[in-house]
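Worksheet: the structure to be examined is printed underneath.
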Amino acid sequence: MSWNLFPKRVPLIPKDISFFAMFAEMSNNLIAGASVLADLFADYHEVSGKIKEIRRIEHVGDDLTHSILTKLNQTFITPFDREDIHKLASSLDDVLDLINSAGARIAMYKITQPPPAAAELARIILLQSQELAKAVPLLQKNGDVLLHCMEINRLENEADQVSREAIGELFEREKDPINLIKIKELIEVLETATDKAEDAADVLETVALKNA
Amino acid sequence: MSWNLFPKRVPLIPKDISFFAMFAEMSNNLIAGASVLADLFADYHEVSGKIKEIRRIEHVGDDLTHSILTKLNQTFITPFDREDIHKLASSLDDVLDLINSAGARIAMYKITQPPPAAAELARIILLQSQELAKAVPLLQKNGDVLLHCMEINRLENEADQVSREAIGELFEREKDPINLIKIKELIEVLETATDKAEDAADVLETVALKNA
Amino acid sequence: MSWNLFPKRVPLIPKDISFFAMFAEMSNNLIAGASVLADLFADYHEVSGKIKEIRRIEHVGDDLTHSILTKLNQTFITPFDREDIHKLASSLDDVLDLINSAGARIAMYKITQPPPAAAELARIILLQSQELAKAVPLLQKNGDVLLHCMEINRLENEADQVSREAIGELFEREKDPINLIKIKELIEVLETATDKAEDAADVLETVALKNA
C-alpha cells in the first residue's frame, strides 16, 4: 500500500486567490483610462473634461496599486512570486501614469492640434490594455498567456515604428522649435506607455513560464 | 514539561545592526547635499563654490552606497530583506545624484537666472530628505514610519504641481527656445529628485509593513 | 573515522553551466554592435548600411536575451542568483538597445555632421563592451572580475565628462535650436549606453562578491 501524501490539486495551504481579482480590476481600470485617451485623440473636443476624467481614473489606479502592494506586504503565501506581483502592479500602474502624463502635457502645453500619430498611438495603447486584461485571468487557468504577450510585443513594435516616423516627419515639417518640443514630447510619452505595457506582458510571460 | 526552543526576543543569530547606522549616515549626507542646493537657489551667489560642494557631497554619497552594497553582498543575515536594502540604498543615492545633476546643469548651461520654481523644488527636496532621515531610525524601533512616508508622498505631489505650473508658464513666457530647453530641463531634474525620494519612502513603507 | 558527506568541488546537483555560454555569446554580440557604431562615427560613410547592420545585430541580441530569460524561467538550479541573471541579461540588452537607438536617431534626424564627442563616446562604449566580455567568463573561474568592473566604471566617468563638455560647448556654439535638440539627444543616448554598461558591471561585481 502506498500513501500519496500530497495529492495533486489539493493544495496544503490555500493560496490567496484574490490577487487575481485585484489585477483584473487594475487592468479593467487601465482599459477605462486608455479608452478615454483614444477617444480624446479620435475626437478632439471637450478636451479638458476628458483630461480630468483620465486624471480621475489614474487616481483610482493609484489606490488599486497601493492596495495590491499593501496586501503583498501582509501576505505570506502568494499565488505567484512576490517580485512578479510587485513588477506586474508597478508596470500596469506605469502605463496608466503615462496615459495621464500625456493628458497633462496637452493641458500644460496648450496643445490645440495633436499630431495624427497621437491617435494611432492611443489606439495601440488601448489594444495593448485589452490584451493585458485578457491575459491576466488566464494566469489562473493555465491558459495561453503567451499568445497575448506576443500580440502586446507586436503592438509595441508597431508603436515604435509609428513614433519614429512621426518624429522624423515632425523635424522635416515643423519650423517652430517650441512647438516641435511640445509635440515631440507628447509622442514620446505615448510611445513610452506602450513600452510599459510590454514590461507588464514580460512579467505575465515570466509567471506563465515558471508555472508551465 | 514543555520546551520553548525558540524564546522570543532572543535571536539565534544576532542580526547585523550596523546597516541602520550606514543608512543614517546616508540620509544625513543627503540632507547635507539638499541643504546646499536649497541655499544655492535661495541665495544665488557664490554659485560655482556651492556646486563644487554639492559634487563633493555626492562623492561621499557614492562611497557610502558602495559600502552598503559591498557589505550586503558579504552578509548572510540582514536586518531586513536584501532586496529592500538594495533598493533603499539605490534610491537614496539617486536623490543625491539628481541634486548633483541639477548643479551640473547650472554649470553646463551657464544658467544665470534660475526660475523661482527651482528654489521651491529644492526646498521640497530638503524637506523630503529630512523626513527620510527621521523615518530611517524608526525602522529599528518599530516606530511610526508610515506617517513620514505619507508626508514624503504629499511633498512629491506638491513638487509635481509646482513643476507642471512652472513649465506651463515657461512655455507661455520664454520665447528663446534654447533658454527654454535649459530651464525646462533644470525643473525636470529637480522634480525627478522628488520622485526618487518617494521611491525611497516606498521602500521604507514596504519594510515597515512586512515587519508589522 | 569521519565522513565528508559534502566533498568540495563535487556538486550534489550539477549546476547548469550553459548560462555562461549564453552570456559569452551576448557580450560578443554586444562587441559586434559597438564595433560597427565606433566605425560609423570614426568614418562617417556608408552611414545607412552601418545603421542597418547595427539594427540586425540588435535583433540577434533580442533573441539571445529572450533565450536566456526563457531558460531562466524553466531552470530550477542556476549557476548564480536568478535575479542577477535577469539583471545582467537586461542590462547587456539595454546597452545594445541604446547603440541601436543612436543609429535610429541618425536616420530619424538626418544627422549629416555628428559631433566629435559621438566618436569618443562610441569608442568608450566599445572599450566597455570588451571589458564586459572579459569579465563574464571570469565569473565561472573565480577570476578577478572586480578589476574589469573598476575599468568599466572609470570609462563611464570619462563618458560623463565627455558628454557634459560636449553639451556645454553645443549650447555655446549651436544657434539653431532644432539642430541643438538633435545633437544633444544623440550625445545623451550614447552617454546612457555607458551608464547601462556600468549597470551590467555592477551586477558582475555583485555576483563576484556573493561568491567570494
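The values are calculated or read from the model by the stated rules, or taken from the named source; none is laboratory data. If you're wondering where the values come from, they're calculated on a predicted model, not measured in any experiment. Reconstructed Cβ throughout: ideal geometry from the backbone, glycine too, with neighbour counts over all protein chains shown.
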Checklist entry - Mind checking which residues of the stretch A:176-212 are facing chain C (nearest Cβ under 8 Å) and not in a helix (DSSP H, G or I)? => result A:Ala212
Checklist entry - Can you find even one residue in the stretch A:117-128 that is out of contact with any Cys (no Cβ under 7 Å at 6 or more places or on another chain), among the charged types (D, E, K, R) and without any contact (Cβ under 8 Å) to a residue 24 or more places away in the chain? => result no
Checklist entry - Which residue out of C:Ala133, C:Ala107 is assigned to a helix (DSSP H, G or I), under 30 Å from A:Asp195 (Cα atoms) and within 11 Å of another protein chain (Cβ to nearest Cβ)? => result C:Ala107
Checklist entry - Among the residues of the stretch A:94-101, is there at least one that is farther than 23 Å from A:Glu185 by Cβ and assigned to a helix (DSSP H, G or I)? => result no
Next on the checklist: Take B:Leu186 and tell me if it is of a type in the set (A, V, I, L, M, F, W, C), at pLDDT below 95 and out of contact with any Leu (no Cβ under 6 Å at 6 or more places or on another chain).
Outcome noted: no
Checklist entry - Taking the stretch A:57-75 only, how many residues are surrounded by fewer than 17 Cβ atoms within 10 Å (Cβ to Cβ) and more than 9 Å from chain B (Cβ to nearest Cβ)? => result 7
Next on the checklist: Just to verify a result, which residue in the stretch A:136-175, among those that are outside any helix (DSSP H, G or I) and surrounded by fewer than 16 Cβ atoms within 10 Å (Cβ to Cβ), is farthest from the chain's Cα centre (by Cα)?
Outcome noted: A:Lys175
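For (1) assigned to a loop (DSSP other than H, G, I, E, B); (2) polar (S, T, N, Q); (3) modelled with pLDDT of 90 or more, each residue gets a yes or a no:
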position	(1), (2), (3)
C:Pro11	yes, no, no
C:Asp16	yes, no, no
C:Glu25	no, no, yes
C:Gly33	no, no, yes
C:Asp39	no, no, yes
C:Arg55	no, no, yes
C:Val60	no, no, yes
C:Thr70	no, yes, no
Next on the checklist: Return the residues of the stretch B:78-92 that are within 14 Å of chain C (Cβ to nearest Cβ) and not in a helix (DSSP H, G or I); say none if nothing qualifies.
Outcome noted: B:Thr78, B:Asp81
